[in-house]
Amino acid sequence: MNKEIHIICELNCRDTDRAKVGELVQRFVEPAKSEAGCLYYDAYYDQQTGKFYILDGWQNQAAVDTHVQHPNVAQVMSELRPLLTAEPKLTLLTRLAD
């Protein structure tokens with residue numbers, strides 16, 4: 001099985017906080033893309049549900065672990081967490097075949 005890790009992160013917020021949450025989510029993107037082991041890192045907004053999604057891919061679990069400890073993640077999450085209506089929902093995926 002492939003060692004790559006692909007993550008879907010779903011973020012929910014109140015309508016009144018949507019603009020600020022969008023700004024904060026975008027602050028994750030560029031720093032993450034420059035991290036070792038990052039395959040891709042993209043942020044999306046679902047216009048129908050009002051949810052935000054981050055889709056990211058990493059070479060292996062070690063790269064994910066390093067990303068989670070990155071100072072930018074802690075900084076953005078400290079501002080983002082109070083605006084969320086639920087904890088981020090993470091879906092971790094591995095590719096079945098190369």
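Candidates in the stretch 47-74 are the residues that are charged (D, E, K, R) and surrounded by 13 or more Cβ atoms within 10 Å (Cβ to Cβ); of these, the one that is nearest to ILE5 (Cα to Cα) is ASP56. Applying the criterion of being open to solvent by less than 60 Å² (accessible area, probe 1.4 Å) and not polar (S, T, N, Q) to the residues of the stretch 80-98, the residue that is nearest to VAL25 (Cα to Cα) is LEU80. For the stretch 74-84, the count of residues that are without any contact (Cβ under 8 Å) to a residue 60 or more places away in the chain and assigned to a loop (DSSP other than H, G, I, E, B) is zero. Can you pull out every residue in the stretch 27-61 that is in a helix (DSSP H, G or I) and either without any contact (Cβ under 8 Å) to a residue 12 or more places away in the chain or closer than 20 Å to THR16 by Cα (or both)? Correct list: ARG27, GLU30, LYS33. Any residue at all in the stretch 34-44 that's of a type outside the set (S, T, N, Q) and over 22 Å from ILE5 (Cβ atoms)? Checked the stretch 34-44: no residue is of a type outside the set (S, T, N, Q) and over 22 Å from ILE5 (Cβ atoms).
Each residue in the stretch 1-26 was checked for being of a type outside the set (Gly, Ala, Ser) and either part of a loop (DSSP other than H, G, I, E, B) or over 23 Å from VAL64 (Cβ atoms) (or both), and 13 pass.
For the stretch 24-31, the condition of being open to solvent by 30 Å² or more (accessible area, probe 1.4 Å), at pLDDT 95 or above and in contact with a Lys or Arg (Cβ under 9 Å, 6 or more places away or on another chain) holds for none of the residues.
Here CYS38 fulfils each of the conditions (1) buried (at least 16 other Cβ atoms within 10 Å of the Cβ); (2) in contact with a His (Cβ under 6 Å, 6 or more places away or on another chain) apart from (2).
The values are calculated or read from the model by the stated rules, or taken from the named source; none is laboratory data. From a predicted model like this one, the values you see are computed outputs, not experimental measurements. Virtual Cβ from ideal backbone geometry, glycine too; neighbours counted across all protein chains shown. For the accessible areas, the whole protein counts, side chains as well, though only heavy atoms, and no ligand, DNA or RNA atoms are used. Shrake-Rupley method; radii C 1.70, N 1.55, O 1.52, S 1.80 Å.
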